[in-house]
Amino acid sequence: MFSIIKKLVFIILLFSTLAYSEEQKIAYIDVNKILSNSIPGKELLKQLADLEKTQIDKLSSKRSILNDEKNSILSKKNIISKDEFENNIKKFNDKLIKFKKEETKVVSNLKIKRNNSVIKFLNKINPLLEKYMNEKLISILIEKKNIFIAKSNYDITDELINLININIEN
């Protein structure tokens, strides 16, 4: 008796799940492709790359100056007194520690800026995605990197890129 009820419940759940899943329309998108191929995404990535290049160039310049200073101190090793040499080394090491802290801070700030900019971009296109999903009766939208395997006809990335290019200002 118990096994019959168990089988009956299983069959009811199976059919209800199948009936429900037929009503669901699923699609997926490649967010990285949207970022790199849409006009607003390209502009955002270009701005971020320019900012990163500027900051990295500044750090490289400071690093080069520190290397020159280090070489200068080492070249004077046999010329100046031991105390003066050690004092110069101590000052240089303090500058080096300060530079490394600054470098870490700059890199961290660049990462934060990149993440915040991408989130802002995604928030900007989100209403467009929701409207598209409602128009096409899509129930679930999944990011491509979270999919193991799927048919390419479920990929709506290119359609969304065109929609973003038309509707989102740079």
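The values are calculated or read from the model by the stated rules, or taken from the named source; none is laboratory data. None of the values given here were measured: they were computed from a predicted structure. Every residue, glycine among them, receives a Cβ derived from its backbone with ideal geometry; neighbour counts consider all protein chains shown. Quick note on the areas: whole protein, heavy atoms, side chains included, nothing else; ligands and nucleic acids left out. Shrake-Rupley method; radii C 1.70, N 1.55, O 1.52, S 1.80 Å.
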From the cross-link list LYS46/LYS144; LYS58/LYS82; LYS42/LYS95, which pairs have alpha carbons spaced over 31 Å apart?
LYS58/LYS82; LYS42/LYS95
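So which trypsin sites (Lys or Arg not before Pro) in the range 115-170 pass both tests, a DSSP loop state and at most 11 other Cβ atoms within 10 Å of the Cβ? Before the final figure, lay out the partial values.
Details: sites: LYS120, LYS124, LYS131, LYS136, LYS144, LYS145, LYS151; in loops: LYS151.
Sparse-neighbourhood loop trypsin sites (Lys or Arg not before Pro): LYS151.
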Pick out, from ILE73, ASN134, LEU51, the residue whose Cα sits farthest towards the positive end of the charge dipole of the chain, with +1 on the Cβ of Lys and Arg and -1 on the Cβ of Asp and Glu.
ILE73
Probe 1.4 Å, heavy atoms of protein chains only: per residue, the accessible area of the range 50-170 in Å² is 77
What is the dipole size for the chain, taken about its Cα centre, with +1 at each Lys and Arg Cβ and -1 at each Asp and Glu Cβ, in debye to the nearest 20?
800
Work out, in µm²/s and without decimals, the Stokes-Einstein translational diffusion coefficient of the range 77-170 at 37 °C, 0.692 mPa s, Rh from Kirkwood over C-alpha pairs.
177
How large are Rg and Dmax for the chain when calculated on the C-alpha trace, in angstrom?
29.1, 101
Taking the Cα centre of the range 76-170 as origin, sum charge times position over the Cβ atoms of Lys and Arg (+1) and Asp and Glu (-1), and report the length of that vector in debye to the nearest 20.
700
Work out, step by step, the length gained on full extension between LYS33 and ASN167: first 0.36 nm times the residue separation, then minus their alpha carbon distance; give nm to one decimal.
46.5 nm
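Per DSSP H run of n ≥ 4, the term is -39500 (n - 2.57); total these for the chain, divide by its residue number, and report the mean residue ellipticity at 222 nm rounded to 500 deg cm²/dmol.
Numbers: 5 runs with 132 residues, N = 170.
Theoretical 222 nm ellipticity from helices: -27500 deg cm²/dmol.
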